[in-house]
Every structure is written in structure tokens, then in C-alpha cells.
């Protein structure tokens, strides 16, 4: 770590500290395995810094969220130096320290096999999750929470799609909860003018629903129960109105790359695409387009834009 304090803190936890990359590499047994866990934007720079200290036969692992296309390029660049490059898509978030990390691995089979004890240690293991019916004679590391998905880039490709799916699931929960939050719209006063769609049968929308409790009951035996729903219930319990959040939702790249792969493969992904575009909108990226829509309505029909509530 670049922070001396972080190194000192971990050293007190019985980790072996290092003062520089050269010092780090010297302290590793051969063949060395160096695991990078940095943002995608600085992976190439990190590789550039560490490679001069490595030797043929060493293994370099990117455990962040890199674009799989970059993994293929990096593996090709490092191959002449005899350095084995691996990409490990890692899922589990901040809870991985307690639960273990789900890992999707790409790279040379021999290098993956060499590091199997490390993957097995970091993975969640079988735990108390029942075996999938029909897998009795299949086995494999997937049941332990890690999988060698294929050659270079395969691990991050699988993790990329995993994150695209994550966007879609999160969007579905968010949209559903938003409908429930507005189930009392019939109790509200509505303007009567040419710019407002009338609410027919307002008596059908007079429910003041407790979203915190709904999330909780859905956790227990419902078809849509999941870990993401568990986290949703936690968030709503802490802050029922979500007043501590502005609603600006970031995207770190995986959703975009998933959509690009879908376009290249001619695979329709309307749910994942919409979930990504909604994240753009949440950050105000649709603001100019929305203004233009309002401007066109004014130009063709004299429709005056209403003030925000």
C-alpha cells in the first residue's frame, strides 16, 4: 500500500509489510504471485511499475474490474517476458472479508492450478448452501465459490456480465419500491389543466405502505428474495425515506462493456440496457435532452413548462 499507516496497521495484524514494490517482490517465494487490486484506470500503470521486478515463471493477477479486452492485450504483452497473466473477477464487496469472495478466473491452466490453494482459501466454500440437484456427479470448484472460466479475459468477461445482471436486478427493486412509495397518489391534490394527465379513479391509490416492512417480508420465503434484497431492507431500516442519498448512481464500466458485448454478439438485452441508461439519467446526463423535449412541446403547441413540485 502507498500509505505507510495502512502498512503499519496490517503489520500489527501479522501481515508482512513492504516499503516498496521491489521490497515486496523480494519477500515473495518463487515463482512469485503478485495480486493487483486497483481501479481499472490504473492497472496498466501498476503493471508497468511491478513487471521490472518480476522474472519468467512469475504470475501477475488483476483482481479488479478490468475490461476483458485489456486482459487479452496484457497477457500478450507479458508472454514474451515469460510472465503468466491472470484476470480474476471478484464479487462479494465489503462483505467478502466475512463471507468469502466469489471468484471468476481467466488465464493459463497451469498457473491457475498452482494458485488453487489461494483461491480455495479466499472463496466462501460450500457453506450451508444446498447442492444444486443434478450436480452430485459433477462436483468442481464452482460449488466452492470459484471457477476457472477459461483463457485470458474469460474471468473478467464473466464478471462483466455478472455486473450487468446486477444493474438490472438493482433497477427492478428500485422501480418496484418506487411504485409502492407512490401508492398513495390518490390522496394527493392534482392540478386540473392541459399539462397534467388526469388520475382516473384516485380511490384506487390510497395506500400508505411501509416499505421497510415490505422489504423485510419479501426476504422471508418470497420468490424475489436475494442478498440484494437483504441489503435493501437494511438500507430502508436505517433510513426509510433515504434522505442521506441524492440518487446520483455511478457506473464503473462493466455495464457499458456488457452492452457492447451484447451488441457485437447481436444479443438483445433490453433490461440491462435500460438499467444502465437510468444510471446516466440519475446523474443529470438526460437534462439537456429533457429540456429540448420541453422546448419542442412549447414550439409546436405553446405548452408551458410546469414548475417542479
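The figures follow:
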| quantity | calculated |
| --- | --- |
| Flag for residue 297 being farther than 23 Å from residue 94 by Cβ, under 23 Å from the mean Cα position of the chain (by Cα), assigned by TED's automatic domain parsing to the domain that holds residue 177 and not in a loop (DSSP other than H, G, I, E, B) | no |
| Test: residue in the range 235-244 that is over 27 Å from residue 308 (Cβ atoms), without any contact (Cβ under 8 Å) to a residue 40 or more places away in the chain and part of a helix (DSSP H, G or I) | yes |
| All helices (runs of 4 or more DSSP H) inside the range 93-136 with 3 or more residues being under 21 Å from residue 59 (Cβ atoms) | 109-114, 116-122 |
| Test: residue in the range 177-184 that is assigned to a helix (DSSP H, G or I), without any contact (Cβ under 8 Å) to a residue 12 or more places away in the chain and assigned by TED's automatic domain parsing to the domain that holds residue 209 | yes |
| Residue among 87, 71 that alone is in a strand (DSSP E or B), touching a helix residue (DSSP H, G or I) at 6+ places or on another chain (Cβ under 7 Å) and in contact (Cβ under 8 Å) with a residue 60 or more places away in the chain | 87 |
| Single unsatisfied condition, residue 126 versus (1) under 26 Å from residue 255 (Cα atoms); (2) in contact with a helix residue (DSSP H, G or I) (Cβ under 6 Å, 6 or more places away or on another chain) | (1) |
| Matching residues in the range 38-64 - criterion: being part of a loop (DSSP other than H, G, I, E, B) and in contact with a strand residue (DSSP E or B) (Cβ under 8 Å, 6 or more places away or on another chain) | 54, 57, 58, 63, 64 |
| Subset of the range 23-37 (residues that are part of a loop (DSSP other than H, G, I, E, B) and surrounded by 15 or more Cβ atoms within 10 Å (Cβ to Cβ)) | 28, 31, 32 |
| In the range 150-175, residue nearest to the chain's Cα centre (by Cα) [restricted to those that are crowded, with 21+ Cβ neighbours inside 10 Å and outside any helix (DSSP H, G or I)] | 153 |
| Filter result (surrounded by fewer than 11 Cβ atoms within 10 Å (Cβ to Cβ) and either modelled with pLDDT under 90 or in contact with a strand residue (DSSP E or B) (Cβ under 6 Å, 6 or more places away or on another chain) (or both)) within the range 280-309 | 307, 308, 309 |
| Among residues of the range 176-195, those that are more than 13 Å from residue 206 (Cβ to Cβ) and either surrounded by 13 or more Cβ atoms within 10 Å (Cβ to Cβ) or over 30 Å from the mean Cα position of the chain (by Cα) (or both), counted | 11 |
| The range 69-89 - residue that is buried (at least 22 other Cβ atoms within 10 Å of the Cβ) and within 15 Å of residue 160 (Cα to Cα) and, of those, nearest to the chain's Cα centre (by Cα) | 89 |
| Selection count where residues are touching a residue at least 12 places away in the same chain (Cβ under 8 Å) and surrounded by fewer than 10 Cβ atoms within 10 Å (Cβ to Cβ), scope the range 245-279 | 3 |
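The values are calculated or read from the model by the stated rules, or taken from the named source; none is laboratory data. Since the model is a prediction, treat every value here as computed from it, not as a measurement. Neighbour counts are summed over all protein chains in view; Cβ atoms, including those assigned to glycine, are modelled from backbone coordinates with ideal geometry.
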